[in-house]
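Read-outs throughout are calculated quantities, based only on the coordinates presented, and are distinct from any laboratory measurement. From a predicted model like this one, the values you see are computed outputs, not experimental measurements. Reconstructed Cβ throughout: ideal geometry from the backbone, glycine too, with neighbour counts over all protein chains shown.
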Amino acid sequence: MREPDPIKLVVGVGSALPEDGRSEWVERLSLSLSSRLRMHLGNTQFVSTAAEVRPQHGPSVAILAGEEMLQQGLSIWRPPTTGLVLALELPVPPIAWKTYRAHHVAWIASRELTAPLVLSAAIAFAVHGGFLLTPRAAALASEQVGIWRAMVNDLTPRQREVLRLSESGYTDEAIRQQLGIAKATLDNHKREI
């Protein structure tokens with residue numbers, strides 16, 4: 001039986017993890033992983049910008065924090081080869097909700113990045129195809145939902161319709177046709193939203 005390819009960790013967490021503590025962080029994380037997962041862990045690559053988060057060849061897990069990093073990670077995410085550990089802060093980017101309950105995704109709070117046991121559990125879920133939402137991440141998500149509900153209540157009925165169609169995956173052209181409105185009108189609604 002062939003040995004599985006090593007799992008590469010791509011870490012883009014910005015200031016949530018100071019540069020001078022990264023090697024110690026990797027060591028603590030490695031010690032908290034299960035022996036099976038630790039055995040298959042490959043190298044760890046730290047990235048500073050979202051542009052550096054690229055599709056990997058072979059199994060990988062991206063540990064990402066910050067809106068740009070999350071958006072980039074979600075755009076290149078290819079389960080089951082790629083797993084995601086996404087660290088939430090407010091505001092939660094809207095693109096994140098498209099994979100809210102997806103497999104190979106673990107949601108944690110940014111401050112849990114320095115909690116090795118939480119992070120090792122998140123990596124295990126991301127690798128093995130599970131879904132994880134830690135209580136702290138759930139609280140942040142719940143707070144964001146409350147903010148969005150208040151925002152939606154302030155929208156006009158037409159703006160709500162534009163928002164509903166956008167979130168359902170309609171293109172701008174399809175929304176304009178569905179609502180019978182001009183491009184400039186749609187652009188104005190989107191600006192207001």
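As a test of the formula, what do you get for the chain when each DSSP H run with n ≥ 4 contributes -39,500 (n - 2.57) and the sum is divided by the residue count, at 222 nm and rounded to the nearest 500 deg cm²/dmol?
On the way: 8 runs with 87 residues, N = 193.
Taken over the chain, the calculation gives -13500 deg cm²/dmol.
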Practice problem: Only one of the values [x] 36, 18, 14; [y] 37, 24, 16; [z] 28, 19, 14 was calculated from this structure for semi-axes √(5λ) of the Cα gyration tensor in Å; name its label. | Solution: [x]
Exercise. Mind putting together the pair-distance distribution for the range 1-83? All Cα pairs, 5 Å bins, whole percent per bin, short to long.
Key: 3, 14, 25, 23, 19, 12, 3, 1, 0
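How much length is gained on full extension from E68 to E27, taking 0.36 nm per residue of separation minus their Cα-Cα distance?
Details: separation 41, 0.36 × 41 = 14.76 nm, distance 2.67 nm.
Contour length minus Cα-Cα distance gives 12.1 nm.
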Quiz prompt | Additional length obtainable on full extension of the chain from Q159 to Y100, 0.36 nm per residue less Cα span | solution = 18.9 nm
Quiz prompt | Candidates A65, A109, A50: whichever shows maximal mean-square fluctuation once the chain is modelled as a Gaussian network with Cα springs under 10 Å | solution = A50
Quiz item: So what is the relative contact order of the range 100-193, in percent, for Cα pairs below 8 Å that sit 6 or more residues apart?
Solution: 23
Quiz item: Spin-label point model (7 Å from Cα, Cβ direction): what's the Q177 to S34 distance in nm?
Solution: 4.8
Practice problem: At 7 Å along the Cα-to-beta-carbon direction for both H128 and F46, put a label point, then send me their distance in nm to one decimal. | Solution: 2.9
Practice problem: Multiply the residue gap between K190 and T114 by 0.36 nm, knock off their C-alpha separation, and tell me the result in nm, one decimal place. | Solution: 23.6 nm
Quiz item: Hey, rough spin-label estimate for Y170 and V152, points 7 angstrom out along Cα→Cβ, what's it come to in nanometres?
Solution: 1.5
